Amino acid sequence: MAHVWTAGRLALDFANAASPGSYADLAQWAGEAGVVTPAEARALARAAARRRPAAAAALMQATALQASIASVMLAVAERRPPPTRALAELNDALAIAVARRRLVRRGAGFVWEWNAGRDQLDRLLWPVIRSAADVLTSRDVAAVRACAASGCRRLFLDGSRNGTRRWCEMAVCGNRAKVRRHYTRRRSRSARSAGGKSSSANRRGSTHSIAWPSRGSIAPSSRRQS
Ligand SMILES: [Zn+2]
């Protein structure tokens, strides 16, 4: 599962992550994301190995949650209404998570805690659900973006001062776009000097014919193997 933390909010990183192939993947992600401690993540993975039906159910919930958060957040980023079903699914997940919150006395005041046994396998998802709700109900919602690189669309929170961040990672998608522009300009210049054949069709063709260097596909799933 994902080991890249560029989105700025837990729910967005979760939406960007490669789909977990097993509960152990999910637990590892949650440990690295700080949802639980690494020791808790290992304990949950061990519990999942003992309780396979519950682990399969939690994994299915995680996959569905990932799809609904991604769908809602992408709509937010594109300034269109979210798909009704995705929002309904997120609300269903929220109802479960909210029911698990409780107030606990801490110092002179109270704090929220999650009311769950240590082996409760789906508890990894509750902080993610809360994060999604927090993004959607705060000023963050206006800063949700999808990467502008074609074939990427990873989500992130734009924290730039003027709100013009375009790429999930400048070092990957931003540089790739820069290289693409550079080649396009160079090809169209050489086409012009070779007899003025610089129609837009030629330019498009030339961009597509470039063999990109070694990093391969920029699709998130292929970049995120551990
Ligand atoms: Zn990107």
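The numbers here are math on the coordinates, done by the rules we state, and not lab data. Just so it is clear, the structure is predicted and the values come from calculations on it, not from any experiment. Every residue, glycine among them, receives a Cβ derived from its backbone with ideal geometry; neighbour counts consider all protein chains shown.
What the table shows:
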item: Packing rank of 120-130, 72-82, where each peptide gets the mean count of other beta carbons within 10 Å, highest leading; result: 120-130, 72-82
item: Intensity falloff of the range 10-157 expressed as log10 I(q)/I(0), Debye formula with alpha-carbon point scatterers, at q = 0.14, 0.15, 0.21 Å⁻¹; result: -0.70, -0.79, -1.34
item: Cβ crowding within 10 Å averaged over residues, with 142-149, 10-17 ranked highest first; result: 10-17, 142-149
item: Packing-based order for 55-64, 158-167, using average beta carbon neighbours within 10 Å, highest first; result: 55-64, 158-167
